[in-house]
Amino acid sequence: MTLQIHTQWQRDDFQLAVDCTLATQGITALFGRSGCGKTSLLRIIAGLEPRAQADVRFNDKVWQDENNCVPLHQRRIGLVFQEPSLLPHLNVRDNLLYGFKRTPVAERRLSLDAVTQILDIDTFLERPVNALSGGQKQRVALGRALLASPHLLLLDEPFAALDTQTKSEILPYIRKLADEFAVPIIFISHDVREIQKLADHIVFMEQGNIIKSMTIHAASADIHSPFFVENTPAAVFEGELVAAETPGSYVFSDGAVQLRLSLPTPKKCNQKYRVRVLATDVAISLHQLSGVSFQNQLAAKVLKVTPFHAHCLITLGLPGEHTLFAEVSTYAVESLSLVEGKEVVALVKAVALVE
Ligand SMILES: Nc1ncnc2c1ncn2[C@@H]1O[C@H](COP(=O)(O)OP(=O)(O)OP(=O)(O)O)[C@@H](O)[C@H]1O
């Protein structure tokens, strides 16, 4: 499935100049500085800018060309914004059914039951929407968009108004939607942590242009990725959890790399998780250590030493062609003679790892 976009759209002194083909499987994130054109691009995809010069094709359908612009509802796109735009006079059930009832029967692919169970909103269907928390409202907004059986879901900073805890709670729901209902999702976010947890692909934008489009794993393994210009570099692993002997302790494995994690809340095992490892949580030793609290000691090879602010960033190669970053002092680089090709041990605390 592909989404082809070609546009030269002048908005006063800003120009969106994009010529790209996006794979629309899974979750794609649009990332870039404020004002780089992410919302403008989303509006073009949604069909909200019929006067813009744009050519947009979704699979074999022409959504926009110089003669025609198919409106939003005919594109079968679900849109969710930062502020959930629910209908205040209706309860949760009626909000959810709003789009569903307007969807032709033959086009309905999802049921109220399936959607409300996946989003955990089945217990408060009769409640008025103004009696919901921000996170609950956002889940209802997602449910409502989904029940119109969209071919594509566009989310414009859907979690920006939520606190960190609520955000962490809602992210797994988005993953479930993409996996279980196979709805392609494109979302805008400024939050690297959120993107590394959720996205399969990432599109980097700068000053109205797409500068790179790549898998999340490639973007997370590249120290020069635009991700890390203003954020601490972090590696991403995707695998499954197995409960370990002590409560709260788990072993995460992606087949090649095993990590011991200590998590504050119980987790279901044998399902997919992503683990982020921040460069600031990784230390380097020349040997395996005994009598230390680091529970993860991973054999690694120095791939690259990059000056990073006042420190150095070591890119480490792990089994399975995985990459890990370690932020260390220049003194450590010199005293441990950390040069390309050197075999070392990466030390990671179990408590530093969060899924
Ligand atoms: N209605 C408008 N008319 C003219 N210019 C606009 C309009 N809306 C936005 N712009 C300009 O278009 C540019 C891109 O805006 P856009 O909202 O697409 O960026 P963004 O990357 O989504 O930003 P943010 O992350 O802050 O939401 C900005 O320079 C903005 O000032």
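The values are calculated or read from the model by the stated rules, or taken from the named source; none is laboratory data. These numbers come from a predicted model, not from an experiment. Positions of Cβ are backbone-derived with ideal geometry, glycine not excepted, and every protein chain shown enters the neighbour counts.
Among the residues of the stretch 169-180, is any touching a helix residue (DSSP H, G or I) at 6+ places or on another chain (Cβ under 7 Å), assigned to a loop (DSSP other than H, G, I, E, B) and of a type in the set (D, E, K, R)? Spell out the reasoning first.
If we filter the stretch 169-180 for residues that are touching a helix residue (DSSP H, G or I) at 6+ places or on another chain (Cβ under 7 Å), which is where we start, we get 169-171, 173-177, 180.
Then drop every residue that is not assigned to a loop (DSSP other than H, G, I, E, B), which leaves none.
No, the conditions are met nowhere in the stretch 169-180.
When each of Glu66, Glu49 is tested for being away from the ligand (no atom under 16 Å from the Cβ), outside any strand (DSSP E or B) and charged (D, E, K, R), the lone residue that passes is Glu66.
Only one residue in Arg260, Arg274 is touching a residue at least 40 places away in the same chain (Cβ under 8 Å), under 17 Å from the mean Cα position of the chain (by Cα) and outside the structural domain of Lys167 (by TED's automatic domain parsing). Which one? Steps first, answer last, please.
Values: Arg260 fails: under 17 Å from the mean Cα position of the chain (by Cα).
Step by step, each of Arg260, Arg274 is checked, and only Arg274 is touching a residue at least 40 places away in the same chain (Cβ under 8 Å), under 17 Å from the mean Cα position of the chain (by Cα) and outside the structural domain of Lys167 (by TED's automatic domain parsing).
Please verify whether the stretch 105-116 includes one or more residues that are assigned by TED's automatic domain parsing to the domain that holds Ile188, β-branched (Val, Ile, Thr), over 23 Å from the mean Cα position of the chain (by Cα) and closer than 22 Å to Val183 by Cα. Before the answer, list the steps.
Filtering the stretch 105-116 for residues assigned by TED's automatic domain parsing to the domain that holds Ile188 gives 105-116.
Then drop every residue that is not β-branched (Val, Ile, Thr), which leaves 105, 115-116.
From what is left, the residues that are over 23 Å from the mean Cα position of the chain (by Cα) are 105.
In the following step, the residues that additionally are closer than 22 Å to Val183 by Cα were identified as 105.
Yes; the residues of the stretch 105-116 include at least one that is assigned by TED's automatic domain parsing to the domain that holds Ile188, β-branched (Val, Ile, Thr), over 23 Å from the mean Cα position of the chain (by Cα) and closer than 22 Å to Val183 by Cα.
Scan the stretch 10-46 for residues that are in a strand (DSSP E or B), within 13 Å of the ligand (Cβ to nearest atom) and touching a Lys or Arg at 6+ places or on another chain (Cβ under 9 Å) and the total you get is 2.
Name the residue that is nearest to Tyr173 (Cα to Cα), counting only residues in the stretch 265-301 that are in contact with a helix residue (DSSP H, G or I) (Cβ under 9 Å, 6 or more places away or on another chain) and surrounded by fewer than 14 Cβ atoms within 10 Å (Cβ to Cβ). Only one residue tops the list, namely Lys272. Would you check if there is a residue in the stretch 234-255 being surrounded by 14 or more Cβ atoms within 10 Å (Cβ to Cβ), β-branched (Val, Ile, Thr) and over 17 Å from Lys197 (Cα atoms)? Within the stretch 234-255, one or more residues are surrounded by 14 or more Cβ atoms within 10 Å (Cβ to Cβ), β-branched (Val, Ile, Thr) and over 17 Å from Lys197 (Cα atoms).
The strands (runs of 3 or more DSSP E) found entirely in the stretch 294-355 that carry 2 or more residues being under 13 Å from Ile223 (Cα atoms) are 296-308, 311-318, 322-328.
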